[in-house]
Amino acid sequence: MENKSPPRMFYYMALLSLAVAAPMLLLPPPGEGEGGSADAQAAFGGTATTNSTKNSKPAAEPRGGPGLDALREREEQVRIEAASFIASVSNLNAGLTSFELKSERYRQGGEQPAGGIDLVTTDRPRYYPLGLEFDGIDLSALAPLTVERLSPSAVRLSGRLEGLSITRKLEAAEVPNQLWVTTRIHNGSSRRHSLRHHLASHHYVTSEAEGGGIPLLPVRSPATSSALCRHADELERELRAGLDEALPFRGDIGFIGVENVYFLSAVAPEGEAAGDCRIEASDRGRDADGDPVGTLFSARMSYAELSLEPGQSHTYRALAYLGPKTPEELSAAGHHLREAIQTGWFTGLAEGLTWLLRVIFDFVGNWGFAIILLTFVVKLLLFPLTAKQMQSMAKMKELKPEMDRINELYADDREKKGAAIMELYRNRGVNPMAGCFPMLLQLPIWFSLYTSLSSNVELFRAPFALWWVDLSSPDPYFSLPLALGALMFVQQKMTPMAGTDPVQQKMMLYMMPTMMASFMLFLPAGLCLYMFTNSALSITQQRLIERHLARASRPGEAESETAAATKADSSAAGGNGKSPSASRSGAPPSEPPDAEEGSDMVFSKPRPKGARPSKAERRSRRGK
């Protein structure tokens, strides 16, 4: 019977690679070209690059956009301040020119006076977030708008054109990082006007910032951006690769927005529903090699066409959220904005682990220690599965001497070696895949932990100890990844790899730790801290289980196993006149002469198919 099953080494490689790479590949991720601000890019998680080269235009230009850009010398800005942010509004189109977060965690460092992270990353009026936009109205002819400050947290801008009066009011909401956007249009002319109102959010990111990963490794940059549209109870999220053409969607629009891993800029209709949305992206600028300098992402929602009779008015109201993707703040904003948090396939599990991490942090006050304790709790909960896995590994480890003899005896015959190994498993009651099943059951938890640690904004700039001042960034000195590689080397040395030849074992011993350490070099330090803690606990747990199993072995059982092994050796050596002691002396055993060609029995004479084992054989197996 030919053995076509792959070596166990490949099972281990496949499982470990799946556990590490799958969450990175399954999850949607996180030079100044035209439309981008260098300062804003550095603030929003990107890398500022100055480049004045202009290239392609977006699929849908805001009406009057180029004319607005020409009015920059007449631009004035008015400030809105709330407890959580400071925003500036342009008098050209009532769009946001800046939106700085005031929380200490989101303040910029450096030698100059620090400012908050600015979530407005575009610097041209036509791409200001929340700017006025109507089909049927040339905004460049309407600008500049008249500015009226209502309070420190509210402003009103207004203008008149062809008998139409347009008023835009922006007011900070009571909850953090929210802005109410109210637009009123009144027809004071003597004729009917047909128009359509749009609200959009734009975001510019450099290719350098988005390409912060490493080729051939499934590592994504925190600056990786995408455009969003929630419509008809479905959330559409697209990266640059999926937006070669603009994507329109119809239905009840929940919200539109642009994002990276940690931050979101979104707009949701309040009251009157928007009927459709459109997400798009366009390349900005070209470097010396002809590659794009950056990408401009746009998300736009559109209301139904409005026919306004003389003397009539119409009001649109929307809620804008610009801030970190924290569950509490997004839930407070409503409009299903919490769905913007990327939780992968196991949403409930990932949210539960994020909640547990927060509870632990509230107790210890340090996110690094919270990750360590979370790892300990998860390890404790998974102990029953891990114990079964390690018990199976311990049984495999006991078979290593006999496996070595089989490898030596059938070094050049893979078919007979496979048959001999399977017979050994049957005789000893060992299932070689028993250790893999508990590992597969743990994969959803590993995926969820990866999600909660790699995209959790709570870890953004969160310090741990020593030089680990930002758990959302890679370890600056690579100390954790290298220590993790060393621990995995020790763990690999402790892991039995029965059924593999010495060359494969050596390759596994060095390849797996090297691969894991390479992955972790450029992943967030918080995730690497979890992997390091998990490996340390796994080694400790394996040692304790091995000691427990050794103590649990009674002398009678040990003698029974020795007798059974002696009988097997005698059977294997009986056909060529060798004694059991000779068979165990280290000399290579030879194939029994009475074993038929293709037989699946190696350590005893072949039994006719269908024949029941003898009573002595059954007693021997029970003793084992």
Filter result (of a type outside the set (A, V, I, L, M, F, W, C), in contact with a strand residue (DSSP E or B) (Cβ under 9 Å, 6 or more places away or on another chain) and open to solvent by less than 50 Å² (accessible area, probe 1.4 Å)) within the stretch 335-358: 342
Qualifying residue in the stretch 151-158 (condition: open to solvent by 20 Å² or more (accessible area, probe 1.4 Å), over 25 Å from residue 257 (Cα atoms) and not hydroxyl-bearing (Ser, Thr, Tyr)): yes
Residue selected from the stretch 328-348 under the condition closer than 15 Å to residue 454 by Cα and in contact with a Ser or Thr (Cβ under 8 Å, 6 or more places away or on another chain), by the criterion modelled with the highest pLDDT: 341
Selection count where residues are assigned to a loop (DSSP other than H, G, I, E, B) and over 12 Å from residue 300 (Cα atoms), scope the stretch 218-268: 19
Residue count, the stretch 269-283 (criterion: in a strand (DSSP E or B) and buried (at least 24 other Cβ atoms within 10 Å of the Cβ)): 3
Test result for residue 78, outside any helix (DSSP H, G or I), within 25 Å of residue 274 (Cα to Cα), among the hydrophobic types (A, V, I, L, M, F, W, C) and modelled with pLDDT of 90 or more: no
Positions within the stretch 510-521 being open to solvent by 20 Å² or more (accessible area, probe 1.4 Å) and within 15 Å of residue 468 (Cβ to Cβ), in sequence order: 521
Complete set of residues in the stretch 117-142 that are of a type in the set (Gly, Ala, Ser) and surrounded by fewer than 24 Cβ atoms within 10 Å (Cβ to Cβ): 136, 140, 141
Residue match in the stretch 246-253 (condition: closer than 30 Å to residue 328 by Cβ and at pLDDT 90 or above): yes
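Would you call residue 529 in a helix (DSSP H, G or I) and either touching a strand residue (DSSP E or B) at 6+ places or on another chain (Cβ under 7 Å) or modelled with pLDDT of 85 or more (or both)? Spell out how you get there, then give the answer.
On the way: in a helix (DSSP H, G or I): yes; either touching a strand residue (DSSP E or B) at 6+ places or on another chain (Cβ under 7 Å) or modelled with pLDDT of 85 or more (or both): yes.
Yes.
Quick one: in the stretch 284-298, of everything that is outside any loop (DSSP other than H, G, I, E, B), of a type in the set (Gly, Ala, Ser) and more than 18 Å from residue 229 (Cα to Cα), which residue is farthest from the chain's Cα centre (by Cα)?
Ranking the candidates gives 285 first.
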Top-ranked residue in the stretch 84-107 [being assigned to a loop (DSSP other than H, G, I, E, B), small (Gly, Ala, Ser) and open to solvent by less than 10 Å² (accessible area, probe 1.4 Å); ranked as nearest to residue 146 (Cα to Cα)]: 94
Scan of the stretch 173-223 for residues that are within 18 Å of residue 457 (Cβ to Cβ), at pLDDT below 85 and either surrounded by fewer than 20 Cβ atoms within 10 Å (Cβ to Cβ) or not charged (D, E, K, R) (or both), ordered by number: 209, 212, 221, 222, 223
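Per-residue answers, yes or no, for (1) assigned to a loop (DSSP other than H, G, I, E, B); (2) out of contact with any strand residue (DSSP E or B) (no Cβ under 6 Å at 6 or more places or on another chain); (3) of a type in the set (D, E, K, R):
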| position | (1), (2), (3) |
| --- | --- |
| 300 | no, no, yes |
| 316 | no, no, no |
| 375 | no, yes, no |
| 379 | no, yes, yes |
Top-ranked residue of the stretch 303-318 - restricted to ones that are at pLDDT 90 or above and open to solvent by less than 10 Å² (accessible area, probe 1.4 Å), ranked as nearest to residue 211 (Cα to Cα): 318
Meets criteria (at pLDDT below 75 and open to solvent by 40 Å² or more (accessible area, probe 1.4 Å)) for residue 437: yes
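The values are calculated or read from the model by the stated rules, or taken from the named source; none is laboratory data. Quick caveat, the model's predicted, so the values are computed rather than measured. All Cβ positions, even for glycine, are placed from backbone atoms using ideal geometry, and neighbour counts span all protein chains on display. Surface areas here come from the heavy atoms of the whole protein model, side chains and all, with no ligands, DNA or RNA. Shrake-Rupley method; radii C 1.70, N 1.55, O 1.52, S 1.80 Å.
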